[in-house]
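Asker: Sharing a structure below in structure tokens format, with a few things to ask.
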Amino acid sequence: MSDCIFCKIIAGEIPSTKVYEDDKLLAFRDINPQAPVHILIIPKTHYDSVNALDEKSAPIVADIMLLAAKLAKENGLDSGYRIITNIGDDGGQTVKHLHFHLLGGVKLSEKMA
Ligand code: AMP
């Protein structure tokens, strides 16, 4: 997707603070962190959101969850963390490339919305 900011980060056209990369996934620090640890995990293949997944592509979410747990451990989030994906305008999604927020390093609000 030529106009997708996260595709541009994957392509190296926009700088990011990468914390993990393999052939399928990229993880980098959020530019506007909402917690002491705020990492975005994205698939290198463009999907607009969870809504764009199907039975063939959905296993990427399992890969993302396993990476989130690994990054949480590496970042010392031993007492807990939160994983969020926003979908669509009402869900607060501002970047239309599937991504999961990994948030931690502080006691997070019990409020979800
Ligand atoms: P969402 O609101 O769920 O779509 O999340 C998009 C996130 O991307 C926000 O938390 C932004 O701060 C973050 N973001 C936008 N542009 C960049 C960028 N160039 N590098 C890192 N994070 C970004």
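The values are calculated or read from the model by the stated rules, or taken from the named source; none is laboratory data. None of these values were measured; they are calculated from a predicted model. As a convention, Cβ positions derive from the backbone with ideal geometry for all residues, glycine included, and neighbour counts pool all protein chains shown. Remember, those area values only see protein heavy atoms, side chains included, never the ligands or the DNA or RNA. Shrake-Rupley method; radii C 1.70, N 1.55, O 1.52, S 1.80 Å.
Asker: Heavy-atom accessible area per residue, the chain, 1.4 Å probe: how many Å²?
Answerer: Value for the chain: 61 Å² per residue.
Asker: LYS96: which lysines have alpha carbons under 24 Å from its alpha carbon, excluding same-chain residues fewer than 8 sequence positions away?
Answerer: Cα-Cα hits under 24 Å: LYS8, LYS18, LYS24, LYS44, LYS56.
Asker: Please give the FRET efficiency for ASP48 paired with VAL106, using the beta carbon to beta carbon distance and R0 = 25 Å, rounded to the nearest 0.05.
Answerer: After rounding to 0.05, the efficiency reads 0.25.
Asker: Turning to a different aspect of this structure: Calculate how steeply helix 59-74 sits against the longest principal axis of the alpha-carbon atoms of the chain, using the helix alpha-carbon long axis, and give the answer as 0 to 90 degrees to the nearest 10.
Answerer: Around 40 degrees separate the two axes.
Asker: At 7 Å along the Cα-to-beta-carbon direction for both ALA11 and ALA69, put a label point, then send me their distance in nm to one decimal.
Answerer: Roughly 3.5 nm, to one decimal.
Asker: May I pose another question? Note down the relative contact order for the chain as a percent, whole number, built from C-alpha pairs under 8 angstrom at least six residues apart.
Answerer: Dividing the mean separation by the residue count of the chain yields 30 percent.
Asker: Assuming 0.36 nm per residue, please report the length gained on full extension of the stretch THR94 to ASN32 beyond their Cα-Cα distance.
Answerer: Here the answer is 21.1 nm.
Asker: Further question: On the principal axes of its Cα set, how long, how wide and how thick is the chain? Give whole Å, largest value first.
Answerer: Extents along the principal axes: 37, 29, 27 Å.
Asker: Let me ask another. Quick check on the chain: helices-only [θ] at 222 nm, where DSSP H runs of length 4 and up contribute -39,500 (n - 2.57) each and the sum goes over total residues. Nearest 500, please.
Answerer: -6000 deg cm²/dmol
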